[in-house]
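The values are calculated or read from the model by the stated rules, or taken from the named source; none is laboratory data. Remember, predicted model here, so these are calculated numbers, not experimental data. Here the Cβ is made from the backbone with ideal geometry for all residues, glycine too, and neighbour counts use every protein chain on show.
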Amino acid sequence: MSKKNNDLMKLDIYEILGLSLEAEEKEIKKAYRKKALECHPDKNPNNPAAAEEFDRLKKILEVLLDAGTRKAYDKVLKGRKAAALRAREADSKTQKLRADLEARERLAHDRPYLSEEEKLKRELKRLEEEGQRIIEEELARVNAEVERELKRGSKSATSAEHDTLKPATGGHKVKVKWATTKDWSGYSEEEIRQVFYKWGDILAVVLKLRSRKGTALIEFKTKQAADMAVQYEKGQPGKSLEVCHLTEEPEKRKKEKKEEKKESGKPNYDFESVAAMNKRRQDERKKLIEEILKEEASA
């Protein structure tokens, strides 16, 4: 048990908030707000102990609002009050008679004997340890639940990010590589976008980080942007990049497109051309995904 929690268990926290042992949750919250406003550090700038008192109030609220912890604390508090009451009621004569009787019994039975006071101390210690155990179990349970929620949230975020980063079709793709160092873990997606946005509109970025190297696949809206990035981009100072085209459109297909434009005077958007274009885009997208999987398998 920490020193602060140990000190808290020795206090009558109901008395601090002006409450009874039977106080309901609504009464506890109301009393806490009132007391917190009185001892808030901002309202007591000349009181160096205001912050510590305010922090103690928060811990008191945590104990009283948790059913298991409050039950354990109440046991300790009731035992302490019962002990104090018995001590007040016992006068010196009664205590002397009891001590004489206990001494005779110890001699008669020749075995260790614990006085009522010693028994009470042991019981209070046991109750305090039990209360601490209950508190620790509750904290462990809460921490485990938080950890599970964080993992579920992380998986959802990763899935959403993966869906968001699926490359759009119809763009021009470049592949970027870099080597990490002991003091630098590599580029982030945001940094990649900041480095490459100057060459043109970016449709998508797929980032893969490994222990010693990183890879990014960038899809530009125009071929000119992709060409400029491959030709001129070297990365940030001290964080060099290797940039190359991921796919090149066959020269034969380029010539066919030029001839089609010359013959018709405008792009050919009949059904067959659109279907062929969509198929090429699907093939390019499939090739991009395969490239990512190969890079991940070779890491």
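Here Lys93 meets each of (1) within 30 Å of the chain's Cα centre (by Cα); (2) modelled with pLDDT under 80 with one exception, condition (1). Segment 17-90 holds helices (runs of 4 or more DSSP H) entirely within its bounds, and those carrying 3 or more residues that are over 35 Å from the mean Cα position of the chain (by Cα), surrounded by 11 or more Cβ atoms within 10 Å (Cβ to Cβ) and assigned by TED's automatic domain parsing to the domain that holds Lys119 map to 67-89.
Looking across segment 13-48, the residues that are acidic (Asp, Glu) and modelled with pLDDT under 90 come down to Glu38, Asp42.
Go over the candidates Ser92, Ser115 one by one and state the one that is free of Cβ contacts under 8 Å to residues at least 60 places away in the same chain, closer than 30 Å to Glu129 by Cβ and of a type in the set (S, T, N, Q). Among Ser92, Ser115, only Ser115 is free of Cβ contacts under 8 Å to residues at least 60 places away in the same chain, closer than 30 Å to Glu129 by Cβ and of a type in the set (S, T, N, Q). Gly153 meets the stated requirement of being under 30 Å from Lys59 (Cβ atoms), of a type outside the set (D, E, K, R) and modelled with pLDDT under 90. For segment 165-184, indicate whether the set of residues that are among the charged types (D, E, K, R), modelled with pLDDT of 90 or more, within 22 Å of Arg280 (Cα to Cα) and part of a helix (DSSP H, G or I) is non-empty. The answer is no; no qualifying residue exists.
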